[in-house]
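Notes to accompany the following structure.
The values are calculated or read from the model by the stated rules, or taken from the named source; none is laboratory data. Predicted, not measured: the structure shown is a model, and the values here were computed from it. We place every Cβ from the backbone using ideal geometry, glycine too, and count neighbours over all the protein chains shown.
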Amino acid sequence: MLEQDQVDIIKGAVKDFFEKMTIPASSIEASLTSEKDAVDIDVKLEEPQILIGQQGQTLFEIQRLLRTILNKKLQNTFYFNLDINDYKRKKVEYLKNLAKELADQAALAGEEKTLPPMSAYERRIIHAELSQRTDVVTESWGEDFERHIIIKPK
């Protein structure tokens, strides 16, 4: 469980990280999640594209690097979620809407819908969004970078 003073240390370390990269952040917000075992960091940048990368890959790698640094610095293991210019929040919203729309189409038309290949993180969002529906089921197919979701009517 994290305390507020640890969150302040995390925020400072993230600020230092971006300053050392010579990428000025217009704002950095840090907050504990409701479970108090995770920290959400929201960073605002003028030029976010280079740090987000293709399909958010660079953002996930920066998050992984920062989590490793911070776990060693605090000598504590915790979940760390980095978002730059609300990229992840918008991506989750988009994926949830896509899942609902394709599930509706699959249920109405009675035919499978195949989504493009996605990362495990993105597939997890789709599966979670449709897990409570009784009219469709989701399955992951393929391997490695070709792994995708199929939405099937029940």
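Taking the stretch 1-89 and the strands (runs of 3 or more DSSP E) fully enclosed by it, the elements with 3 or more residues that are farther than 22 Å from Met118 by Cβ are at 25-32, 38-45. In the stretch 55-66, the residues that are over 15 Å from Ile41 (Cα atoms) reach residues that are of a type in the set (A, V, I, L, M, F, W, C) with C-beta atoms within less than 7 angstrom, at least six apart or across chains, in these pairs: Thr58/Leu51; Thr58/Ile52.
Of all residues in the stretch 90-116, those that are under 30 Å from Ala13 (Cβ atoms) and in contact with a strand residue (DSSP E or B) (Cβ under 6 Å, 6 or more places away or on another chain) total 0.
Filtering Leu74, Leu130, Leu95, Leu70 for residues that are in the same structural domain as Ile10 (by TED's automatic domain parsing), buried (at least 16 other Cβ atoms within 10 Å of the Cβ) and in contact with a helix residue (DSSP H, G or I) (Cβ under 7 Å, 6 or more places away or on another chain) leaves a single hit, Leu70.
Taking first residues from the stretch 1-25 that are under 15 Å from Gln63 (Cα atoms) and partners that are among the acidic types (Asp, Glu), the Cβ contacts under 9 Å between residues at least 6 apart in sequence or on separate chains come to Lys11/Glu29. Checked against (1) part of a loop (DSSP other than H, G, I, E, B); (2) polar (S, T, N, Q); (3) farther than 30 Å from Lys15 by Cβ, Thr138 passes all but condition (1). Do we have any residue at all in the stretch 143-153 that's touching a strand residue (DSSP E or B) at 6+ places or on another chain (Cβ under 7 Å), loosely packed, with under 13 Cβ neighbours inside 10 Å and assigned to a loop (DSSP other than H, G, I, E, B)? Looking for residues that are touching a strand residue (DSSP E or B) at 6+ places or on another chain (Cβ under 7 Å), loosely packed, with under 13 Cβ neighbours inside 10 Å and assigned to a loop (DSSP other than H, G, I, E, B), one finds none in the stretch 143-153, hence no.
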